[in-house]
Amino acid sequence: MPSPDEGPEQSAITADRRQQLISALRRLPLAYRGVITLALEGFSCAEIADLLGISTNAAAIRLTRAKALLRQQLRHGT
């Protein structure tokens, strides 16, 4: 949600960045999308592991890979 102090130009930039992030998240493989979505919601790796029925180590690895893919997609717009 835009800040009340943001001007129209900044609001447009913020909305565009949000849309880019959502689009990049949707392009992630499902296993990575689930982990990073839960992490963005504030869940810890241990909590994510419990929710998904995987080991904490597997959750941490998926999260690391998801972040790398997301970063790559946002940098290259792919």
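The values are calculated or read from the model by the stated rules, or taken from the named source; none is laboratory data. Predicted, not measured: the structure shown is a model, and the values here were computed from it. Cβ coordinates were reconstructed from backbone atoms using ideal geometry, including for glycine residues, and neighbour counts include every protein chain displayed.
What are the residues in the range 1-56 that are farther than 17 Å from residue 69 by Cα, modelled with pLDDT of 95 or more and among the small types (Gly, Ala, Ser), if any? 42, 44, 46, 49, 53, 55, listed by residue number.
Please verify whether residue 70 is within 9 Å of the chain's Cα centre (by Cα), within 19 Å of residue 17 (Cβ to Cβ), at pLDDT below 95 and not in a loop (DSSP other than H, G, I, E, B), treating the condition exactly as stated. Answer is yes for this residue. Among 33, 17, 26, which is surrounded by 12 or more Cβ atoms within 10 Å (Cβ to Cβ) and of a type in the set (Lys, Arg)? When all the criteria are applied, what remains is 33.
Scanning the range 1-59 for residues that are touching a helix residue (DSSP H, G or I) at 6+ places or on another chain (Cβ under 8 Å), of a type in the set (S, T, N, Q) and under 20 Å from residue 74 (Cα atoms) gives 20, 37.
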